[in-house]
Amino acid sequence: MKHLIELKNLYKIYQMGTETVHALDGINLTIDPGEFVAIVGQSGSGKSTAMNIIGCLDVPTSGTYHLGGVDVSTMDDDQQAEIRNKMLGFIFQQYNLIPKLNVLENVELPLLYAGFSSSERRRRALNALGRVGLSEKCKNLPNQLSGGQQQRVSIARALAGNPSVILADEPTGALDSRTGREVLGFLKKLNEEGDTVVLITHDNSIAVQAKRIVRLQDGRIIYDGDASDPKAVVQPTASGDLESDGSFGEEVHP
């Protein structure tokens, strides 16, 4: 089976003054269709850099990134924008809804940029809103919805383009714990229906809701495996022992 996402010997190197920073330090990662993967790590671990490259928002310094079998690691901005529209659906921490547009119009907007007809935009947007249980809110403005409902609109917006990958960046970060559980429940349901979900988070209690955890530290992958394995939520100390990374807090169980 062909991998949906394949990073090979990937480096992202920044020069900060006289210091050379290896944000990603030679990582190798594959994700197959239908997986639910959490990429987890603390600030400075490289997870945001990995998300930007997987999301075609940045390119690596060296190494390759294939998305759906296409090498996107050397694409220019226009080429990256085109593949983002075709293959990726984004869910952000702050929803990124446009206040003056109603729910239906917000979900339709990426489809407008992608060149779909008015009737096809409406059909896809209504279908996506139905999947997240918000069909009856299609004429509401974002400020007339709760935080959880706004995040569900952003999930519908991500789904409307029928993307190959749903990329969720800290999707529960702006929500209370109960609403966060609901949003995670939707992501798990979408994965059960066949969608590929890549979740970016710093929080172990969120990450363990995925089926697989990829843990980054100092730009390197230090764990890649089953989310239910105890090793998935610990990281090595300077002495080489294992300890929790301290990010548990309240457990989240949709």
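Looking across the range 44-58 at every residue that is farther than 14 Å from residue 22 by Cα and assigned to a loop (DSSP other than H, G, I, E, B), the one that is most open to solvent (accessible area, probe 1.4 Å) is identified as 57. If only residues of the range 2-27 that are among the basic types (Lys, Arg) and within 17 Å of residue 63 (Cα to Cα) are counted, the one that is surrounded by the most Cβ atoms within 10 Å (Cβ to Cβ) is 12.
Residues of the range 88-104 that are open to solvent by 30 Å² or more (accessible area, probe 1.4 Å) and closer than 28 Å to residue 220 by Cβ: 90, 92, 93. Taken together, 129, 175 contain a single residue that is over 20 Å from residue 52 (Cβ atoms), free of Cβ contacts under 8 Å to residues at least 40 places away in the same chain, buried (at least 22 other Cβ atoms within 10 Å of the Cβ) and out of contact with any His (no Cβ under 8 Å at 6 or more places or on another chain), which is 129. The one condition from (1) touching a residue at least 24 places away in the same chain (Cβ under 8 Å); (2) open to solvent by 30 Å² or more (accessible area, probe 1.4 Å); (3) under 27 Å from residue 8 (Cα atoms); (4) of a type in the set (Gly, Ala, Ser) that residue 228 does not meet is (1). Condition check: farther than 21 Å from residue 155 by Cβ and in contact with a Gly (Cβ under 7 Å, 6 or more places away or on another chain). Does residue 114 satisfy that? Taking the combined requirement at face value, the residue does not satisfy it.
Among the residues making up the range 62-74, those that are open to solvent by less than 40 Å² (accessible area, probe 1.4 Å) and either aliphatic (A, V, I, L, M) or assigned to a loop (DSSP other than H, G, I, E, B) (or both) are 67, 68, 72, 73.
Residues of the range 7-31 that are among the β-branched types (Val, Ile, Thr) and either touching a residue at least 40 places away in the same chain (Cβ under 8 Å) or more than 16 Å from residue 48 (Cβ to Cβ) (or both): 13, 18, 20, 27, 30, 31.
Kindly evaluate residue 107 against the criterion of being of a type in the set (Val, Ile, Thr), open to solvent by less than 50 Å² (accessible area, probe 1.4 Å), touching a helix residue (DSSP H, G or I) at 6+ places or on another chain (Cβ under 6 Å) and over 21 Å from residue 34 (Cα atoms). It is true that residue 107 is of a type in the set (Val, Ile, Thr), open to solvent by less than 50 Å² (accessible area, probe 1.4 Å), touching a helix residue (DSSP H, G or I) at 6+ places or on another chain (Cβ under 6 Å) and over 21 Å from residue 34 (Cα atoms).
Among the residues of the range 159-172, those that are open to solvent by 10 Å² or more (accessible area, probe 1.4 Å) and either within 13 Å of the chain's Cα centre (by Cα) or more than 30 Å from residue 119 (Cα to Cα) (or both) comprise 159, 163, 164, 169, 170, 172. Residue 35 satisfies every condition listed in (1) open to solvent by less than 30 Å² (accessible area, probe 1.4 Å); (2) within 19 Å of residue 208 (Cα to Cα); (3) not small (Gly, Ala, Ser) except (1). Taking the criterion of being open to solvent by less than 10 Å² (accessible area, probe 1.4 Å) and farther than 13 Å from residue 159 by Cα, the residues of the range 183-199 that qualify are 183, 184, 198, 199.
Just one of the numbered conditions (1) farther than 12 Å from residue 219 by Cα; (2) assigned to a strand (DSSP E or B) is not true of residue 23; which one? For residue 23, the exception is condition (1).
Please determine, by comparing only the residues of the range 132-158 that are touching a residue at least 24 places away in the same chain (Cβ under 8 Å) and small (Gly, Ala, Ser), which one is most open to solvent (accessible area, probe 1.4 Å). Out of the qualifying residues, it is 146.
The values are calculated or read from the model by the stated rules, or taken from the named source; none is laboratory data. No experiment lies behind these values; they were computed from the predicted model shown. All Cβ positions, glycine included, derive from the backbone under ideal geometry; neighbour counts span all protein chains shown. These accessible areas exclude ligands, DNA and RNA; they are computed on the full protein's heavy atoms, side chains included. Shrake-Rupley method; radii C 1.70, N 1.55, O 1.52, S 1.80 Å.
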